[in-house]
1. Output the number of the condition that Met186 fails; it satisfies all remaining conditions of (1) assigned to a helix (DSSP H, G or I); (2) within 18 Å of Val17 (Cα to Cα).
2. Cβ-Cβ distance below 8 Å, separation of 6 or more or different chains: which pairs start in the range 24-40 with a residue that is farther than 16 Å from Ser196 by Cα and end on one that is surrounded by fewer than 15 Cβ atoms within 10 Å (Cβ to Cβ)?
3. Only one residue in Ala11, Ala70 is within 25 Å of Ala148 (Cα to Cα), touching a strand residue (DSSP E or B) at 6+ places or on another chain (Cβ under 6 Å) and not charged (D, E, K, R), so which one is that?
4. Could you list, in sequence order, the residues of the range 90-114 that are of a type outside the set (Lys, Arg) and in contact with a strand residue (DSSP E or B) (Cβ under 8 Å, 6 or more places away or on another chain)?
5. Among Phe167, Phe129, which is the only one that is farther than 27 Å from Val95 by Cβ, away from the ligand (no atom under 12 Å from the Cβ) and aromatic (Phe, Trp, Tyr)?
6. Can you name every one of the helices (runs of 4 or more DSSP H) wholly within the range 35-114 that holds 2 or more residues which are aliphatic (A, V, I, L, M), crowded, with 18+ Cβ neighbours inside 10 Å and away from the ligand (no atom under 15 Å from the Cβ)?
7. Out of Val86, Val62, Val24, report the one residue that is more than 27 Å from Gly156 (Cβ to Cβ) and of a type outside the set (Gly, Ala, Ser).
Amino acid sequence: TSFGFEEVEPAAKASMVKSVFDSVAGRYDLMNDVMSGGVHRLWKEAMLDWLMPRPGLHYLDVAGGTGDIALRLLERTGGEARVTLVDINASMLAVGRDRALDEGRVAGIDWIAGDAMRLPLPDASVDAFTIAFGIRNVTRIDQALAEARRVLRPGGRFMCLEFSRVFLPLLDRLYDTYSFAVMPMMGRLITGDAESYRYLVESIRRFPDQEAFAALIREAGLEQVRYRNLSGGIAAIHSGWRL
Ligand code: SAM
């Protein structure tokens, strides 16, 4: 079953992405845990291990959704970093902000509605740019990467966590079955919405593999690009620098 969104025009993809996240926002965190068996937490920690956040710096988390990365950035810097979270979806931002409020962790994060392809931040204004499971949803990856480079100050770090290409022969079969059969079914059971999870699976399929994505990052003018595979390539972390 093909969702076919790669053939649709950019405006249609953007509105599809909006409706997907509008529809799952309230249960997004629960679904993440259920679908990944909690492993998305380990992947996020792995990205932060590599990034090594330090107090006193300005971090920008794009497509930050309900704040998973932003809250970890604060935690790891003892609340001493400045964290700006940008997401295009008001429902996701609202869920994240409310949860942070409920947990009494309200200080330290600026929640901003904005587009990864036109960030509402000045040139050279952040020390690190992170994006987790977000760039896949952006209509034009090259534009989002160019924006990352623009807002990073020279010496700043780019870091992206995204689904990637499984390279283990048995795991890829299992993963296919899981993605195409199990995920939409679980999506329907938990959120009543199988289509959103079908979109998710398709968008993962169409995203460039490890090497191809590294090449795009280099083309955007970021340097010393490296990546690390997670869980046999189910996800990967890409790192680069604005020099
Ligand atoms: N980073 C969070 C995490 O790892 O849990 C959320 C990831 S969620 C799968 C993808 C997020 O990307 C959604 O919150 C969605 O609203 C956001 N998004 C999609 N297109 C965007 C765009 N063009 N600019 C900014 N955010 C976007």
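The numbers here are math on the coordinates, done by the rules we state, and not lab data. Note that the structure is predicted; figures quoted are calculated from it, not measured. Positions of Cβ are backbone-derived with ideal geometry, glycine not excepted, and every protein chain shown enters the neighbour counts.
1. Unmet for Met186, out of (1) assigned to a helix (DSSP H, G or I); (2) within 18 Å of Val17 (Cα to Cα): (2).
2. Qualifying pairs under 8 Å: Asp33/Arg41; His40/Asp33.
3. Numbers: Ala11 fails: touching a strand residue (DSSP E or B) at 6+ places or on another chain (Cβ under 6 Å).
Going through Ala11, Ala70 in turn, the sole match is Ala70.
4. So in the range 90-114, the residues of a type outside the set (Lys, Arg) come out as 90-96, 98, 100-104, 106-114.
Listed by number, the residues that qualify are Ala90, Leu93, Gly96, Ala100, Gly108, Ile109, Asp110, Trp111, Ile112, Ala113, Gly114.
5. On the way: Phe129 fails: farther than 27 Å from Val95 by Cβ.
Phe167 is the lone residue from the list that is farther than 27 Å from Val95 by Cβ, away from the ligand (no atom under 12 Å from the Cβ) and aromatic (Phe, Trp, Tyr).
6. Numbers: elements: 39-51, 68-76, 90-102.
So the answer is none; nothing clears 2.
7. Details: Val86 fails: more than 27 Å from Gly156 (Cβ to Cβ); Val62 fails: more than 27 Å from Gly156 (Cβ to Cβ).
Step by step, each of Val86, Val62, Val24 is checked, and only Val24 is more than 27 Å from Gly156 (Cβ to Cβ) and of a type outside the set (Gly, Ala, Ser).
Conditions tested, residue by residue: (1) without any contact (Cβ under 8 Å) to a residue 24 or more places away in the chain; (2) of a type in the set (D, E, K, R); (3) surrounded by fewer than 18 Cβ atoms within 10 Å (Cβ to Cβ).
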site: Arg198; (1), (2), (3): no, yes, no
site: Arg218; (1), (2), (3): yes, yes, yes
site: Glu223; (1), (2), (3): yes, yes, yes
site: Ile234; (1), (2), (3): no, no, no
site: Ile237; (1), (2), (3): no, no, no
site: Gly240; (1), (2), (3): no, no, no
site: Leu243; (1), (2), (3): no, no, yes
